[in-house]
């Protein structure tokens, strides 16, 4: 098994499937998660970079948000792909666990991949929901879902179940309070927490400006 060749072929496969996508879950999102996962992994002793890279590349191959709510479609596609590439069964199992457990599932729920590699990829994915890129992705996805930008009569909700989170109908600004502003304190790794701080601060500054403009203060 040539691990470098499997990573290269997987990157090409994912890029081909996800390049033309407009909700913020495109190839370039995957690419940023991949590069940030490698950056974080360098600070995590003993991390398996092969599993980290495959988990990062395949984490959104069939996200539940675009698969009729299915949490297993992505696992199935990734598993079949890696089997065709000749990846070891143990490595495929690790990647499947990452895909199953990476997503944010509601403010009141704790979901954490079992492995160090999974926790690294989860941090890298969460970093891409923060900062300037995170703001852009939030509005891209909100437009896709038909969400209003903001409605002061609709209040944020901290969902207590994945089912409630999946079915939520809210505004994009509420999404910042229901998810994005919670991520900094949910990071798994020291490097992830360090990287998240500046991005979290950027979002908070953006929201201050948003509400100043909304209320006619600027």
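The values are calculated or read from the model by the stated rules, or taken from the named source; none is laboratory data. What you are looking at is a predicted structure, and each value in this text was computed from that prediction instead of being measured. In this analysis, Cβ positions are derived from the backbone assuming ideal geometry, glycine residues included, and neighbour counts consider all displayed protein chains.
Worth a mention:
- All of 71, 94, 80 fail the test of being surrounded by fewer than 19 Cβ atoms within 10 Å (Cβ to Cβ) and more than 15 Å from the chain's Cα centre (by Cα), apart from 80.
- Candidate set: the stretch 177-200, residues that are in a loop (DSSP other than H, G, I, E, B) and within 14 Å of the chain's Cα centre (by Cα); chosen: the one surrounded by the fewest Cβ atoms within 10 Å (Cβ to Cβ): 188
- Selected residue (only one of 126, 100 is under 24 Å from residue 55 (Cα atoms), assigned to a helix (DSSP H, G or I), at pLDDT below 90 and under 14 Å from the mean Cα position of the chain (by Cα)): 100
- Checklist (1) in a helix (DSSP H, G or I); (2) surrounded by 15 or more Cβ atoms within 10 Å (Cβ to Cβ) applied to residue 12, failing item: (2)
- Residue count for the stretch 15-28 under the criterion of being in a helix (DSSP H, G or I) and touching a helix residue (DSSP H, G or I) at 6+ places or on another chain (Cβ under 7 Å): the result is 3.
- Failed condition for residue 5, given (1) within 15 Å of residue 117 (Cβ to Cβ); (2) assigned to a helix (DSSP H, G or I): (1)
- Filter result for the condition that a residue is out of contact with any helix residue (DSSP H, G or I) (no Cβ under 6 Å at 6 or more places or on another chain), modelled with pLDDT of 85 or more and at positive phi, over 93, 146: 146
- Of all residues in the stretch 56-72, exactly one satisfies the criterion of being over 21 Å from residue 31 (Cα atoms) and modelled with pLDDT of 80 or more, namely 72.
- Going through (1) closer than 19 Å to residue 43 by Cα; (2) at pLDDT 95 or above; (3) not in a helix (DSSP H, G or I) one by one, residue 113 falls short only on (2).
- Per-region count, the stretch 40-57, residues more than 14 Å from residue 98 (Cβ to Cβ) and surrounded by 15 or more Cβ atoms within 10 Å (Cβ to Cβ): 1
- Look at the stretch 173-192: where a residue is touching a residue at least 60 places away in the same chain (Cβ under 8 Å) and at positive phi, no partner that is buried (at least 20 other Cβ atoms within 10 Å of the Cβ) and outside any helix (DSSP H, G or I) sits 6+ places away or on another chain with Cβ atoms under 8 Å.
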